[in-house]
1. Where in segment A:1-81 are the helices (runs of 4 or more DSSP H), entirely inside, with at least 2 residues that are modelled with pLDDT of 75 or more and surrounded by 15 or more Cβ atoms within 10 Å (Cβ to Cβ)?
2. Out of all the residues in segment A:179-206, which are in contact (Cβ under 8 Å) with a residue 40 or more places away in the chain, open to solvent by 80 Å² or more (accessible area, probe 1.4 Å) and farther than 16 Å from A:Pro274 by Cβ?
3. Which of the strands (runs of 3 or more DSSP E) found entirely inside segment B:1-67 contain at least 1 residues meeting this: over 21 Å from B:Asp108 (Cβ atoms)?
4. Determine if segment A:274-282 includes at least one residue that is in contact with a Lys or Arg (Cβ under 9 Å, 6 or more places away or on another chain) and modelled with pLDDT under 85.
5. Pull out all pairs, ordered by first then second residue, where Cβ-Cβ is under 6 Å, the residues are six or more apart or on different chains, the first lies in segment B:40-58 and is within 17 Å of B:Ala69 (Cα to Cα), and the second is in a strand (DSSP E or B) and open to solvent by 60 Å² or more (accessible area, probe 1.4 Å).
6. Which one of these is at negative phi and assigned to a loop (DSSP other than H, G, I, E, B): A:Ala210, A:Ala217?
7. Say whether the condition of being under 16 Å from A:Arg266 (Cβ atoms), in contact (Cβ under 8 Å) with a residue 12 or more places away in the chain, open to solvent by less than 60 Å² (accessible area, probe 1.4 Å) and among the aliphatic types (A, V, I, L, M) is met by at least one residue in segment A:236-249.
8. So which residues in segment A:438-484 are open to solvent by less than 60 Å² (accessible area, probe 1.4 Å), of a type in the set (D, E, K, R) and touching a residue at least 24 places away in the same chain (Cβ under 8 Å), if there are any at all?
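The values are calculated or read from the model by the stated rules, or taken from the named source; none is laboratory data. Source: prediction; values computed, not measured. Glycine gets a Cβ as well: all are built from the backbone with ideal geometry, and neighbour counts include every protein chain shown. For the accessible areas, the whole protein counts, side chains as well, though only heavy atoms, and no ligand, DNA or RNA atoms are used. Shrake-Rupley method; radii C 1.70, N 1.55, O 1.52, S 1.80 Å.
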Amino acid sequence: MNVSATAAAFGTAEERMQRTERQLIDAALAVNEASTLEEALEALAVSARQLVVADRVSILEWDPDFGAATLVASAGGERTRGVRIPSNELNSRLIARGESFVVGKEHIEGLPDDVGERVRAMGTLLCVPLNFSGLPTVSFQAIWHEPIGAQVCELAMSKLRLLGRLTRVAFRTENERARAREDARLSAVLEAFPDGLVVRTPERAIVNPAGRELLAATGDPPLKIGLRELDGTPVPEDDTPLLRAIRTGEPQSYVLRVTRYDGVERIHEGRIAPVLDETGSVFATVTAFRDVTEAQEEKFVTEQFLERLFEALPTAVAVVDPETREIKSVNRAFLELVGLDEEHVLGQAPPYPWWADPTKDVPARTEPTMRWEWVYRKPDGTQVPVELVRTQVQGTSGDVAAIVVIANDLSERRAFEQRLIQSGKLASIGQLAAGVAHEINNPLFAILGLVEFLIIDAERGTKAFERLELIQSTALEIKEIVRALLDFAREHSDERAVISLTDVAAQTVELMRRTSAAKQIEIVERYAEAVVPVEASANQLKQIFVNLISNAKQAMKLTGGTVTVEVGRDGDVAWAEVRDTGPGIAPEVLPHIFEPFFTTRRDVGGTGLGLSVSFGIAEAHGGSLVAASSVGNGASFRLRLPIAPEGLA
Amino acid sequence: VKRVLVIDDERVIRDLMREILERAGHETLGAGTAEEALALLEDEEVGLVVSDIVMPGLTGLELLEEVHARRPDLPVILVTGAGTYENLSQAVSRGADGLVIKPFSHADLQSAVASVFERARLRANGVPLSKSALAAELETGRGRQWDPVVVDAALADLDQLIHPNTQTQEVQDS
């Protein structure tokens, strides 16, 4: 076979070079793609034979002492793997040094005769060592049945060396191949899995695409991520679900806030399964997880919101066990209502310590929702009227899971109702009074006027005279009542201005001194400040003072004494106090003194309207009028009004 | 002797007032309505009008204005069923010479009438009056247990009418 013929057969030099390159790359790819070392070597042998156009190419694996080699792969021949090929010292030395050689007679010296015979029968035999790090030394053995030229021989050796170098890069250990196969299988599973999956071994972690997306990670991340509980508390680094799974060997479920690689926090729900080896120790873990942020946030927010709502409700709420009736949970309002700490409330069973009457139990349960009125008692003895509403809460299985009791403090409502009744009474009386006064005064005047004629004509000292006087005094009583009603209904002087409460008090006292001087009664004035500005109707306030001072004088009519009128200011509250040194107000009378027509002085001309009128005026000015008294210590009335915001005009 | 014309729609009251005044030595005439009274004034010699305020037809206040329009010198005393601020202030602003609040004693009415005649006499003799007739009347009313708050308020109003630029308090203290 001459060169020109070879050239004709293999095309131009450039074409040959391109073909060689392609063959080399194909060979390297074939080796790399082989899934076992065996296959890789076979692929390498086939590639090598094509590359050098040899009749046969074998790959030999040399013994560590290079005394012999074993055939590990072969292309183009019947020689089978595992065949032992003896060698001599020269060959071994050359292979160990990485030198290629053409087998001549010196290379078969000392070898068994049959081996020498076979070698001599071959046309050309080349040996090209391949040194793959981490692998035993292997070599190509290329055989041509016919002898080939020295040039072609050199070219073939170069090609094989080049192939060796190329495949060395692509070559992988059997271990690596096995792992790649595992990885490939795992990858397929991981790829196909819709949720996030992380497979961890001590060396590394594999995350599937879904998981990478959930973690906003590119590639396999270092997997050290911030974890927090749903309420925001960080999960200790030494107590993550992963570490628990590894420690215990038990699967762990979790719902946690996870800080993704892009810094965004999401809520992940997951389960970590430990993978145990034959000794029972964990060598890997598999985590499956998904993003439940939307659902969880909603749930979490709802739960947290409900909890806060429960706590912040101004209404007292208690949750009671339906069987034992033990208190399971209460809110702050409830604790305030019963005046106890949580520890003295939770776990309590009837009779509860806050029941005013422990011998009385609640009405027997008849309906899902019940309402009744009850009395609680605080530890300080204060009785609190409450309205209780009891509702059954259904569990998921339809049974009664809990009883919720809502306790409404009725004290304020009662007081409010009382005031409402008071106001209502006052208003209706006011309307009535104006209309009625005229109607009464005409006939009353007729009675009084005519009686006066009769009295003038009657003989003093007679029974008739006494009776006429009685008629007159009785009719005059009616006159007083009507006059008081008219005071009440007075349409005038609701015009308010900024005035000084001190001035009003001083003017009224002056007026009272002028109009009815009772000798044994002294009026003492104490004004802390000359100007106590209030926005009010001066006339209406005067009326309060007139009423209070009149009452005080009346109370001391028999005994004499001192009326003290005091005015002061307490922050943004203006106050005035009128007190006497009279006999005081009996405790059973005190709650009623502001009620219209309530009087203890009917016999001496009291109408029972003065204090209700005063009360009404105080309220209409956004203030209050409060009475205090104890028998024997006189009575005091304190008027409170808001200080006028802009001071005196 | 000047005659007093007494107007009240209720006969019992009217007769009662007339008898009270007659007992004090006054001559009286009676009328059941303001219209009737105005007709009487055309023909009869009358020195003083005493009229109820609340009546069907013209009220006492309207009658007061009618009388003043015809005879500015003829004094008018108003009688009211209720000593409300509104009545007092209306009487003040329309220039009543006196005010009596039902139910009143014989003496109340008699002294009111007497003081009006007395002021009329003083005026006729050229004696200047420092206070309005009503102010004096209100002060006497205070003595008769009129509601002091109402009286003060009415006096203040009166003072504003007489001295528009002065303070309320000066009247109370004067």
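1. Those helices (runs of 4 or more DSSP H) span A:13-33, A:37-52.
2. Of everything in segment A:179-206, just one residue is in contact (Cβ under 8 Å) with a residue 40 or more places away in the chain, open to solvent by 80 Å² or more (accessible area, probe 1.4 Å) and farther than 16 Å from A:Pro274 by Cβ, namely A:Arg181.
3. B:27-31
4. Yes, there is a match, as at least one residue in segment A:274-282 is in contact with a Lys or Arg (Cβ under 9 Å, 6 or more places away or on another chain) and modelled with pLDDT under 85.
5. none
6. Answer to the selection: A:Ala217.
7. no
8. Selection gives A:Lys479 alone.
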